[in-house]
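Asker: Below: one structure in structure tokens.
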Amino acid sequence: MAETIPLNKFRLLTKELQSGNNLIYSSSLDVASILLSTQITNITSSNQIVSVTIQKSGSASFITLMNSGSVPPDESLNPLAGKVVLEKHDSLIMNTSENGKLHVVLSVLENAIN
């Protein structure tokens, strides 16, 4: 018997960024997702740079949401000006050059696709 997917599901995801591209979230086959909020926190005493992109399903290209944004020491940055909708298999990716200096918190609402 197939697993029942709830109509709406709220998720809170966390990740410590590593050097290079970091897959933060990918919409699964059976849901469309609304990115409600994201915080990128710099846990160091020096500026950190981060880029935020969306990769559409089946595409090799990236859509830039924020390019080389600066996160001040001991501060947070919200790179989303509003809500962002991801369709199935779309991905949210963040890129930085340092390991373990930026932490991400992402709030997502997943909606089941009929």
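Asker: Within the stretch 82-94, which residues are surrounded by 14 or more Cβ atoms within 10 Å (Cβ to Cβ), of a type outside the set (Ser, Thr, Tyr) and in a strand (DSSP E or B)?
Answerer: Passing the criteria: 84, 86, 92, 93, 94.
Asker: Output the number of residues of the stretch 4-29 satisfying the condition of being out of contact with any Asp or Glu (no Cβ under 9 Å at 6 or more places or on another chain) and either assigned to a loop (DSSP other than H, G, I, E, B) or modelled with pLDDT under 90 (or both).
Answerer: Within the stretch 4-29, residues that are out of contact with any Asp or Glu (no Cβ under 9 Å at 6 or more places or on another chain) and either assigned to a loop (DSSP other than H, G, I, E, B) or modelled with pLDDT under 90 (or both) number 3.
Asker: Related question: When residues of the stretch 64-110 are filtered for being out of contact with any Pro (no Cβ under 8 Å at 6 or more places or on another chain), of a type outside the set (Asp, Glu) and closer than 22 Å to residue 19 by Cβ, how many remain?
Answerer: 25
Asker: Considering only residues of the stretch 43-59 that are of a type outside the set (Ser, Thr, Tyr) and under 17 Å from residue 86 (Cβ atoms), which is surrounded by the fewest Cβ atoms within 10 Å (Cβ to Cβ)?
Answerer: If we take residues in the stretch 43-59 being of a type outside the set (Ser, Thr, Tyr) and under 17 Å from residue 86 (Cβ atoms), then 58 is surrounded by the fewest Cβ atoms within 10 Å (Cβ to Cβ).
Asker: If you take the residues in the stretch 64-81 that are within 13 Å of the chain's Cα centre (by Cα) and free of Cβ contacts under 8 Å to residues at least 24 places away in the same chain, which one is surrounded by the most Cβ atoms within 10 Å (Cβ to Cβ)?
Answerer: 65
Asker: Of the residues 108, 71, 104, only one is in contact with a Phe, Trp or Tyr (Cβ under 9 Å, 6 or more places away or on another chain) and either at pLDDT 95 or above or of a type in the set (Phe, Trp, Tyr) (or both); which?
Answerer: 108
The values are calculated or read from the model by the stated rules, or taken from the named source; none is laboratory data. As the structure is a computational prediction, the values presented were derived from the model and not from experiment. Ideal geometry is used to build each Cβ from the backbone, glycine not excepted, and the neighbour counts take in all protein chains shown.
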